[in-house]
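Trainee: This is the structure, below, for whatever I ask next.
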Amino acid sequence: VRLHFVRSASFCANLSKAIDTMTLLDILSPSSTIVGLRADSKEGIIRELVESLEEGDAISDREKVLHSVLERENIMSTGIGDGIAIPHGKSDAVVKLAAALGTHKRGVDFEALDGEPAFVFFLLVSPANISGPHIKALARISRLLKNDDFKKSLIDASTAEEIVAAIAKEEKNHPPSR
């Protein structure tokens, strides 16, 4: 029993270290990065972002994940203002922490606190039984998106590759705390 505890403690320490050094590119794939989202509604944007996640790799059931994100959105809007929305949710249909990022040139009403439309949408989903990585990823996303130049580079990007490059540059300039 003691050996099991030591392994568990070691596992937790390694997991904590991995979480502390996680970058957005660790949870965001180019295939879940969308320039020019087509939807013009909050629900449509969330659906489009969830559909971009790899079923089997990050999630096991898109409809369940969509339901959990929409359910969370009904509690309180994740439109945080300043052109940003970070819809998120937890579900047993999520295999591992995953993200999708999309931009919309005209902006979409996301019921943000400032009443302004959102242009950058960062979807975050995680397994139902894990809180730490979810919270840290939300904080990391929020922190990076406070940089107006970075946010503008995401909105102005014309390809997913440009978005990934902008994120890589921002991560290099502002690495996660170690």
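The values are calculated or read from the model by the stated rules, or taken from the named source; none is laboratory data. Treat the numbers as computed from the prediction; the structure is a model and nothing was measured. Reconstructed Cβ throughout: ideal geometry from the backbone, glycine too, with neighbour counts over all protein chains shown. Protein only, heavy atoms only, side chains kept; ligands, DNA and RNA dropped before computing areas. Shrake-Rupley method; radii C 1.70, N 1.55, O 1.52, S 1.80 Å.
Trainee: Summing -39500 (n - 2.57) over the DSSP H runs of n ≥ 4 in the chain and dividing by its residue number, what mean residue ellipticity at 222 nm do you reach, to the nearest 500 deg cm²/dmol? All intermediate terms of the calculation are to be shown ahead of the outcome.
Mentor: Values: 6 runs with 81 residues, N = 178.
After summing the helix terms and dividing by the residues of the chain, the value is -14500 deg cm²/dmol.
Trainee: Please give the FRET efficiency for Glu54 paired with Ala168, using the beta carbon to beta carbon distance and R0 = 22 Å, rounded to the nearest 0.05. Before the final figure, lay out the partial values.
Mentor: Values: r = 20 Å, r/R0 = 0.92.
According to the calculation, E is roughly 0.60.
Trainee: Could you tally up the Lys pairs in the stretch 71-178 with alpha carbons closer than 17 Å? Skip any pair fewer than 8 positions apart unless they're on separate chains.
Mentor: Taking the stretch 71-178 as the scope, the lysine pair count is 10.
Trainee: For the chain, what is the accessible area per residue in Å², given a 1.4 Å probe and the full set of protein chains?
Mentor: Numbers: 9550 Å² over 178 residues.
Per residue, the chain has an accessible area of 54 Å².
Trainee: Counting only protein heavy atoms and a 1.4 Å probe, tell me what percentage of the stretch 40-175's accessible area is made up of carbon and sulfur. Kindly include the intermediate steps, with their values, before the conclusion.
Mentor: Working: 3420 of 6530 Å².
Here it works out to 52 percent.
Trainee: Calculate one ³J(HN,Hα) per residue across the stretch 98-110 by plugging θ = phi - 60° into the Karplus curve 6.51 cos²θ - 1.76 cosθ + 1.60, and present them in order as whole Hz with x for glycine and proline.
Mentor: So the J values, rounded to whole Hz, are 8, 9, 9, 10, x, 10, 9, 5, 8, x, 9, 5, 10.
Trainee: State which helices in the chain qualify, where a helix is a whole DSSP H run, it must extend 24 Å or more along its own axis by its Cα atoms, and its mean Kyte-Doolittle hydropathy must be at least 0.0. Could you put the intermediate results ahead of the total?
Mentor: Values: long enough: 2-20 (27 Å, 0.23).
TM-like helix candidates: 2-20.
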